[in-house]
Amino acid sequence: MPQTTSRQRKGDATRAVILDAALGLAGTSGIDALTIGVLAQLTSMSKSGVFAHFGSREDLQIAVVHEYHQRFQRDVFEPAMNQPRGLARLQALLDNWIRLATHEIAQGCIYMSGAFEYDDRPGPVREALVQSLTTWRHALVRACRQAMEQGQMRGDTDAEQLVFELMGLMLALHHDARFLKRPDALERASHGMKRLIGQYRIPLAA
């Protein structure tokens, strides 16, 4: 039993090293750039060693999408759950998302780049991306509706429309920051989100 546990821990550690390298490559070059051979070179492993952990290129790509989603949940979603339901939680979700974006401008966001990369390419990798992004979108819509229930946002707020526009701002952020190299992209995205929320926010009574 101890030998099995030690072997499993070593295997988990090796898998984590491969996924770290894969996430970095996917961010800069795209998910389609991930291959067993390339990851073997990046991690100084044999192809058979990488293959033993993922089985196929597609399995590797899906694992990277799932790993990114787990880290996104850890860094963006979970900390915001410490805030009370309502506007404070919604704002925390958006602030955490912007904060993550500041670190991803140089490397790239797998959600954003993957959406363009696989928008017209059916298959398991696209399905994994759609599922992850849909989960995040639902979390934002739910936070908006909770703010309405708490009487902090107008009752006629269209939560789906608001989230559509918020996600549009994040797409614009990555476009302007990564493609156009505009240094004001982060500030403008943050300002746009505050302006959008402000349109639906109910002012506190004096």
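The values are calculated or read from the model by the stated rules, or taken from the named source; none is laboratory data. None of these values were measured; they are calculated from a predicted model. When we count neighbours, we look across all protein chains shown, and the Cβ atoms used for this are built from the backbone with ideal geometry, even at glycine.
Tallying residues that are within 21 Å of residue 112 (Cβ to Cβ), touching a residue at least 24 places away in the same chain (Cβ under 8 Å) and of a type in the set (Ser, Thr, Tyr) within the stretch 124-157 yields 2. The lone criterion from (1) touching a helix residue (DSSP H, G or I) at 6+ places or on another chain (Cβ under 9 Å); (2) of a type in the set (Val, Ile, Thr); (3) assigned to a helix (DSSP H, G or I) left unmet by residue 134 is number (1). For first residues located in the stretch 183-206 and closer than 13 Å to residue 165 by Cβ and touching a residue at least 40 places away in the same chain (Cβ under 8 Å), partners that are among the small types (Gly, Ala, Ser) and not in a helix (DSSP H, G or I) and lie 6+ apart or on another chain with Cβ distances below 6 Å do not occur.
In the stretch 188-206, the residue that is surrounded by the fewest Cβ atoms within 10 Å (Cβ to Cβ) out of those that are of a type in the set (A, V, I, L, M) and part of a helix (DSSP H, G or I) is 196. Filter the stretch 16-37 down to the residues that are without any contact (Cβ under 8 Å) to a residue 40 or more places away in the chain and not in a helix (DSSP H, G or I), then identify the one that is nearest to residue 127 (Cα to Cα). Only one residue fits best here, namely 34. Check residue 90 against each of (1) surrounded by 18 or more Cβ atoms within 10 Å (Cβ to Cβ); (2) within 25 Å of residue 185 (Cα to Cα); (3) modelled with pLDDT of 95 or more; (4) out of contact with any Cys (no Cβ under 9 Å at 6 or more places or on another chain) and name the one condition it does not meet. Looking at each condition in turn, residue 90 falls short on (4). Restricting attention to the stretch 168-187, the residues that are closer than 20 Å to residue 76 by Cα and either charged (D, E, K, R) or surrounded by fewer than 18 Cβ atoms within 10 Å (Cβ to Cβ) (or both) add up to 5. All of 129, 100 fail the test of being at pLDDT 90 or above, under 12 Å from the mean Cα position of the chain (by Cα), more than 19 Å from residue 193 (Cα to Cα) and part of a helix (DSSP H, G or I), apart from 129.
Could you tell me how many of the residues in the stretch 146-177 are more than 20 Å from the chain's Cα centre (by Cα), within 13 Å of residue 91 (Cα to Cα) and part of a helix (DSSP H, G or I)? Residues that pass the stated criteria total 2.
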